[in-house]
Every structure is written in C-alpha cells, then in structure tokens.
Amino acid sequence: MRSLRVAPLLIGAALTIASSSPVFSQTTTDAYFDFLIARHLEALGDTKAAQAQLEKAVAGDPKSAEVRAELAAFHLRRDAADDAERVGKEALALDDANSEAHRVLGMLYAAKSDDAGRDQAAQAAGYVRQAIMHLERVTDNPAGLTDLNLHYTLGRLYTRAGQIEKAIQSLSRVVNENPGSMQGRIALAQAYVVGRDMNNAIATLQEIVDDEPRVASTLAQFQEQVGRPQDAAESYTKALAVAPNSRELKVRRIAALVAAKDFQRAADFAGQAQMQHPDDLRFPQFRAHALLQLGDAPRAIIVLEPVARANPNDAATQLSLADLYSNAGRKNDAERTVRQLVMLEPGNADALNYLGYMLADRGQQLDEAIRLVRRALDIEPNNPNYLDSLGWAYYRRGDYDQAEKYLSPAVQQMPRNSTVQEHMGDILAKRGRWQDAIAAWTRALQGDGADINKTALEKKISDARGKTR
C-alpha cells in the first residue's frame, strides 16, 4: 500500500480537509449504523477498528456508492493514496454523480500534482487536469459551493493550469468569505501575478500585511518586480519584525534599498547586519558598495580590506575589493587582487572574466585579455557577460569582425544592459554603420543606466546623426 501525504489545506479555523457527513439516501440501516460506529472509533483514534467497521459496511451494502465514498475519504485522511483512489473509483462506478467520491479523488490528485517533481511536469499537469475535473463535479451541487477549502484547492489548480479567470473567481470567493486568510490571499495574489496583474496582486496582500506580517516578504518580492524597491524595503522591514534573525530578509532589504538608491540606509543596515552576523560576507560587501555609491571610497576600502585578507578564497569579496580599488583609481591594486584570486582558483570563471575585461577596458595586454576570457567561456560558453568581455577585447585590438561576432549574442541576451548596448554601438560606428550605432546607443540610454556616461552617449548619437546627413 503506497502512502501519499495529503497536506491539510487550511484557510482558517473553520476549514478542514475532512468531508461533511455523507447522505446515505440509498444505504441500508445496518450500513449507516456501521458508518456511525466507524466515525466514533476514528474520533477515538482507533483507526484500525474504524477501517474494519467501514469495510463491514461496504460488504453489507456492496451497491452503495455512499459507503464506498466514505471509505475512500477515510483512506485519504490516513494518507493511503492507492486505497483512496481505488475505492473512490469504485464508488463512481456505482454512481458517477457521487459528490464525496469526486471530492476525494480531486483532493488526492491535487496532492499528487504538488508532490510531482520538476522532472515530472507532464505527469503533474495530468494530475492537475484530473483534480479540476473531479472538484468541478463537487461544485455542481449546493454543498460544494459553500466549501471554501474546495474553492481554495480549485483556485490553486486553476492557476497552475493557466485558467486565471476561474482561479481569481474561486480564490476571491475564499477571500471574501474569510478576509483574514493569509493562505487564501497569497494564492489569490499568485493568480494575479500569473495573469500579469501585479497591481491587484500587491493590493491583495497590502490589505492584511499590517495584521499579518508573514505575507510581507511575498509582498516585497511583488513590489520589486514592478520597480518599487523603496516600498519593497519597507515590506521587508515588516517581515523582519516576525523573523528578526533572518539573514535572507536582511540581504533582500539591503538590496532593495540599493536598488532604490537609498545608499545611506543600505550602508547602515548592512553595518548592523555585519555586527549581528560576522560570518556572513555578504553584509560587508553590501556595506562597502553602498559607501562607494555615497562617494566614500576610502571608508569602503577600510570596511572590506580586512574581510578580504581574512577570506582570500572568497571570490565575491575579492572581486568587490577589486571594484573598490578600481573606482578609487588604484588600478594596480585592483589587478593584483584579481590575479591573486586567479592563482588561487584558476577555474574561477568570474575571476578570469573580470581580469580579462579589466585589461581589455584599459587597452592593455589584449592578447592575455582574450586568452583569459576564452578560458572563462570554456567554463560557461553562453555567459553573456563573458561574450561582452571577449567582444570588447577584440574591439580594443581593432578586430571589429570578431568583436561584433561575440557582442551580438550578448546584446540579444541582455537588451536592458546599457554597457553592452554601448559597446555594440561603438563597434558598429567603427564599421561605419551609423544608423545601427545610433539605435544601439539609444538602447543604452533607455537601459539600466549602469556604468555609462549619459552625456558622452548623447554626444556620440549627435555626432553620428551629423555623419548620416
């Protein structure tokens, strides 16, 4: 007998997975009496005797779909998946309209769809379809219409099946009847997200976040997706009120503040977190980055140098320190730091690419720069950042055919990356393709804006337009 854990889908105190008492309209008095005894035994915790009593009821009235459906529900409550499925199908063979049997099979297939692994996507989709088919038969009757647990499950299934209007309808019923339901609101918000209605997703959770801060982390992620990092940071603060020791929430809040360009608060929170979690190197990295953005490169270096010395094998810390050195004009220190990392970790693709791009951007040791980035691409062949670095190294060497060859896929993979778009524009300009260059530089201006000089870009566009005339 294979067991399947059927997780309770609790929406609120009034909702449980247990079925309502079945209607024994076509069942003998003895079978109904056996059912009542079985329910009493189950309530006392004697499940073995309860199962025996239900099986006795089935034997006493073998043509009763109601009794078999109750036995199937019993197996479902005991996580006996195979038995629940077998007996549920037997009940439907006797009466295809039996609501309880449909409910059991629907809940069973819903649980199976949740348990299916990522490599079983097709099987999971099949379970979703079966679950929906059975649970919709339950909602055909008045009792099903009032079962909020059923509507919650159906709503989640509809979302997974891409039937967003039905998902929103089912989950809105749950939320309207139980406004404080955290699970119901999260599921409804997720349905809105799948339907690309982020504003309603956010509004759904905002209504309860003050009273139910456990939804704050999910709300923050939605706010980040729509480009509201400052609001996301405030939501992460609410989430931290519930889980004050969560490192991940602290990291997300700091990242949101950086995205919002609130670098002072980012630096302050990173400093606090660094004291609270001295073994987590992400916090000094964030703190140093925020200080750099505030224009205090010397202090940023003071923060990160001792951390880098204590952790020579931590690539992220070493590369962050190299960035600080480079921005502070200490190019030799930046190069020394990355070369030491490459010596310690010759297979570190990020370090190889970083050093190669650094040399290429300076226009120095271009043959070495190309070799370094090619080694990085041997490790990660389609990494768009590495393709950009290699294309830029060829550009600096004057080989514009090779430069365009490697930049083109990087441009396609990172259409919002301003630096990559500017690089492509520079290559196209060298080849005399002024209109294409203008288009690339315009995309750079419209992109993420990182690491570009907008005034210089606008001048390039203006000069190029002059040439096209």
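Read-outs throughout are calculated quantities, based only on the coordinates presented, and are distinct from any laboratory measurement. Keep in mind the model is a prediction, meaning the values are calculated, not measured. Counting neighbours? That spans all protein chains shown, and the Cβs are built from the backbone with ideal geometry, glycine included.
Miscellaneous remarks
- Once Rg and Dmax of the Cα atoms in Å is calculated for the structure shown, the corresponding label among (i) 30.9, 98; (ii) 20.9, 69; (iii) 22.6, 71 turns out to be (i).
- Among residues other than GLN225 with Cβ under 15 Å from its Cβ, the summed charge is +1 (Lys and Arg +1, Asp and Glu -1).
- Here LYS166 is the anchor, and the aspartates and glutamates within straight C-alpha reach of less than 12 Å, apart from those fewer than 8 places off in the same chain, are GLU136.
- ALA203 paired with ARG433, simple spin-label distance in nm, labels 7 Å along Cα-to-beta-carbon: 4.6
- Shape call, region 88-189: gyration tensor on alpha carbons, a/c limit 1.5: oblate
- With K and R counted +1 and D and E -1, the other residues having a Cβ less than 11 Å from that of VAL258 yield a net charge of +4.
- Restraint check, LYS89/LYS112; LYS48/LYS89; LYS250/LYS454; LYS63/LYS112; LYS112/LYS238; LYS238/LYS261, Cα-Cα greater than 26 Å: LYS250/LYS454; LYS63/LYS112; LYS112/LYS238
- With Cα atoms, 0 to 90° folded angle of helix 384-397 axis to the chain main axis: 10
- CD proxy at 222 nm, helix term only [per DSSP H run n ≥ 4: -39500 (n - 2.57); per residue of the chain; nearest 500]: -23500 deg cm²/dmol
- In terms of its C-alpha gyration tensor, region 209-261 comes out oblate, because a/c is 1.5 or above while a/b does not outweigh b/c.
- Given +1 at the Cβ of Lys and Arg, -1 at the Cβ of Asp and Glu and no other charges, the dipole of the chain around its Cα centre is 1760 debye to the nearest 20.
- Computed on region 51-121, the Cα convex hull volume stands at 76 Å³ per residue.
- Label-to-label distance, LYS48 versus GLN412, with points set 7 angstrom from Cα along the beta-carbon direction: 6.6 nm.
- Hits among aspartates and glutamates - C-alpha to C-alpha of LYS460 under 18 Å, sequence gap 8 or more where chains match: GLU422, ASP426, ASP436, ASP451
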